[in-house]
Amino acid sequence: MALNEKRWYDKKGIGKYIRAMKYLSDHERDKIVLELKNIISAENPEIMVDHVMEFSLYRNRWYDHDPYCWLVINSLQYADTRLMEKITEYFQSIESRFTMNIP
């Protein structure tokens, strides 16, 4: 298993999408983050509020540099199976919007 496959989002099956988002234009990435937020809010609105204080000043990952993006992506770490199914379905429905190949 490669180093990047040990992250929580790989274990949840969305790692390739999270990594691919790094290479999108800001505009395209913002549209996706907004839709992810809408899905999260519809399924479990408390999940973002419950973990907002975990934002760290140590910023290593690409999405750590944008607090809104971080909040949405980090919230997925705590998503239950039903929410992850909806997130995965959404990512699969927009695969053509990614500019890089998704393995």
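The values are calculated or read from the model by the stated rules, or taken from the named source; none is laboratory data. On a predicted model such as this, the values are computed, not experimentally measured, just so you know. Glycine gets a Cβ as well: all are built from the backbone with ideal geometry, and neighbour counts include every protein chain shown.
Listed by first and then second residue, the pairs with beta-carbon distance under 6 Å, at least 6 apart or on different chains, first residue in the stretch 59-85 and closer than 14 Å to Arg7 by Cβ, second in a loop (DSSP other than H, G, I, E, B), are Trp62/Lys22. Within the bounds of the stretch 4-13, is there any residue that is at pLDDT below 90, in a helix (DSSP H, G or I) and surrounded by 17 or more Cβ atoms within 10 Å (Cβ to Cβ)? Yes, there is a match, as at least one residue in the stretch 4-13 is at pLDDT below 90, in a helix (DSSP H, G or I) and surrounded by 17 or more Cβ atoms within 10 Å (Cβ to Cβ). The helices (runs of 4 or more DSSP H) falling completely within the stretch 25-95 that include 1 or more residues that are at pLDDT 95 or above and hydroxyl-bearing (Ser, Thr, Tyr) map to 81-93.
Among the residues of the stretch 14-24, those identified as part of a loop (DSSP other than H, G, I, E, B) and of a type outside the set (Lys, Arg) are Ile14, Tyr23, Leu24.
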